[in-house]
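Reviewing the structure listed below.
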Amino acid sequence: MQKIPLNLAKPGMSLAKPILRENGLVLVAENTELSESLLERLERMDVTMVTVQGNPVDLGGGGQNPYTNRVERLDHLFRKHGDDPWMVKLQTHLKDYFLLKAASATAVAESPEQVESTGQVEQGGAA
């Protein structure tokens, strides 16, 4: 199971958890296979993250951007707190967060339909 930004979800992936409204109503059921039209609908509904089955997306964040730089710096910043379980947990959460942001930023940069005629990349959809 992997929680990914919506812009990294692809048709054919299956949901590992249902997508819920703020009031708890189910928008899309667990085990639903994503389609292009469903992804577009979720984007219009401002859904930013989905949990899919397996680990279909490499969150390595290929290339350098501010988020991959932050991931690389975490070991240095937390070097004196290796024996504190709370700090280790915090470091793990920060690393996961920055990897998601890096992968999301990479996906936005590689998406040709989001590049304006000026060559700049629009920031869209990712939390």
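The values are calculated or read from the model by the stated rules, or taken from the named source; none is laboratory data. These figures come from a predicted structure and were not determined experimentally. Ligands, DNA and RNA are stripped out before the accessible areas are found, and what is left, the full protein with its side chains, is counted by its heavy atoms. Shrake-Rupley method; radii C 1.70, N 1.55, O 1.52, S 1.80 Å.
Couple of notes before you dig in:
- Extension gain (nm, one decimal) between residue 20 and residue 45, 0.36 nm per residue minus Cα-Cα: 7.9 nm
- At a probe radius of 1.4 angstrom, the accessible area of the range 1-52 per residue rounds to 61 square angstrom.
- Computed accessible area, residue 78, all protein chains, 1.4 angstrom probe, square angstrom: 30 Å²
- Ranking 67, 97 from most to least accessible surface, computed with a 1.4 Å probe over the protein chains only, gives 97, 67.
- Annotation: extensible slack from residue 36 through residue 86 equals 13.9 nm (criterion: 0.36 nm per residue apart, minus Cα-Cα distance).
- Accessible surface of residue 36 - all protein chains present, 1.4 Å probe, nearest 10 Å²: 100 Å²
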